Amino acid sequence: MNIEEEKQLFSKWPVNSVLQRRAEDMLRRIDRLPNNVLLGSDLETLAAEQVEEERIVVPILRDRDKTAEYGEAEVKIPTGDSYASVPGLRITFFVPFEGDPFVFNVRPTYSPSAFPIVKDITVDRELLIEYEARHVQGHDYDTSAAHDYLNRTLDEIRRHLEQVERHIDTYNTDLQKMARTRIDSRREKLLRDQRLMEGLGVPLRRRNNPPETHEVPLVRKKSPVTQSAASASSKPKIADEHYQHILSVITSMVKVMEYSPKAFVMMGEEDLRWHFLVQLNGQYQGLATGETFNFSGKTDILVRWADENVFVAECKIWRGEKSLMNALDQLLGYASWADTRTALLLFNRGGTFSSVLGKIPAVVRGHPNFDKQLPTSRSENTFRFRMRRADDPERQLMLTVLAFDVPTSG
């Protein structure tokens, strides 16, 4: 990894300004919600959906899981008014974390110490911290100095996170109340407007070409899983109409990324999965038997019935043909029944999207479990295939690959 400059954490945006802006973004988004969504949706569910997009998770360092690499380097040492390069050793520590990476750019109202320095923050949610040591002929490197430097840096980062967290906790708590209040206010205004027009006693004109809107179901759909009544042991499967609806919900949720790009710039695969899970669970009722959209392990979105997976989806950032082939292996490994419907959601960041779309069919056709590419009436970013199961080539399943170009800047 070639990195030209270091990053100074917690030095970019004042915390109060960031939180105020995100809260205002949520309120503006509520103000743009269609009337039928405001009047036809459950208040708590609708408020929770709006809050989820702006809720902030303060990072937690997992330094027990840290790793390191090292290599020879030219170390700069001060010589009067300039620097000289001498042989040395560079150690790079990789410290994983959980939470929203953008928080590392937020400046607390009071900084308890100097801003901590890291080399980079990776898309895989790791802090890169470098330590350089000068080589002294006839002497070993002082490893304790490297450990001390790492621990001091992590302590500084935690102190800053504690300062920021106090503000963010209050912000997260207030968001739900703010969302409910704004939704209630808009609903009341819409109802007053309706009563006014009803009181006029004059028929309303209807537009010849009304704009198309995404209709949100007023009643959540029942279980997408069907099972033959003839036998309790018959194989469960997801109905095709629900399979198509799930894909439509996923595609519609990507539109939200276009409307609020800055909320998704720093999101990794896990955060993107949660983005879809919230909406999918809002569309289908969860029954006592427990079929619902959830995680299994770390990487999938699925519907389970009677301890079997009947719908499985993977969310992956596009990182080339090899990563797509690995994602196919992972996805096919989760599928349990021949009639299981599956989906692979690919997110392109920064690369040429048309180039990515051109590579997808060839990669899937090159997979050993590929059987046939199927026609689809959906958009050019959607591909459908019939795949064979690895453990039984006679059993087949359907795979839909949806590719999306997600924001790289706000």
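Structural remarks
- Restricting Tyr131, Tyr110 to those that are under 30 Å from Gln20 (Cα atoms) and hydroxyl-bearing (Ser, Thr, Tyr) reduces the list to Tyr110.
- Boolean, Val95 is within 18 Å of Glu6 (Cα to Cα), touching a residue at least 12 places away in the same chain (Cβ under 8 Å) and touching a strand residue (DSSP E or B) at 6+ places or on another chain (Cβ under 9 Å): yes
- Helices (runs of 4 or more DSSP H) lying entirely in the stretch 1-66 (those with 3 or more residues that are under 20 Å from Lys177 (Cβ atoms) and within 21 Å of the chain's Cα centre (by Cα)): 15-31, 43-54
- Per the listing Tyr141, Tyr149, Tyr171, the residue uniquely in contact with a strand residue (DSSP E or B) (Cβ under 9 Å, 6 or more places away or on another chain) and touching a residue at least 24 places away in the same chain (Cβ under 8 Å) is Tyr141.
- Breaking point among (1) closer than 22 Å to Thr173 by Cβ; (2) at pLDDT 90 or above, for Gln50: (2)
- Residues being basic (Lys, Arg) and part of a strand (DSSP E or B) - total across the stretch 115-156: 1
- Of the set (1) crowded, with 17+ Cβ neighbours inside 10 Å; (2) closer than 30 Å to Leu190 by Cβ, all apply to Glu24 but (1).
- Strands (runs of 3 or more DSSP E) within the stretch 296-398 that include 2 or more residues at pLDDT below 90 and hydrophobic (A, V, I, L, M, F, W, C): 300-305, 308-317, 341-348
- The residue that is surrounded by the most Cβ atoms within 10 Å (Cβ to Cβ), counting only those in the stretch 44-73 that are touching a Gly at 6+ places or on another chain (Cβ under 7 Å) and β-branched (Val, Ile, Thr), is Val58.
The values are calculated or read from the model by the stated rules, or taken from the named source; none is laboratory data. Predicted, not measured: the structure shown is a model, and the values here were computed from it. Here Cβ is always computed from backbone atoms with ideal geometry, including for glycine, and neighbour counts include all displayed protein chains.
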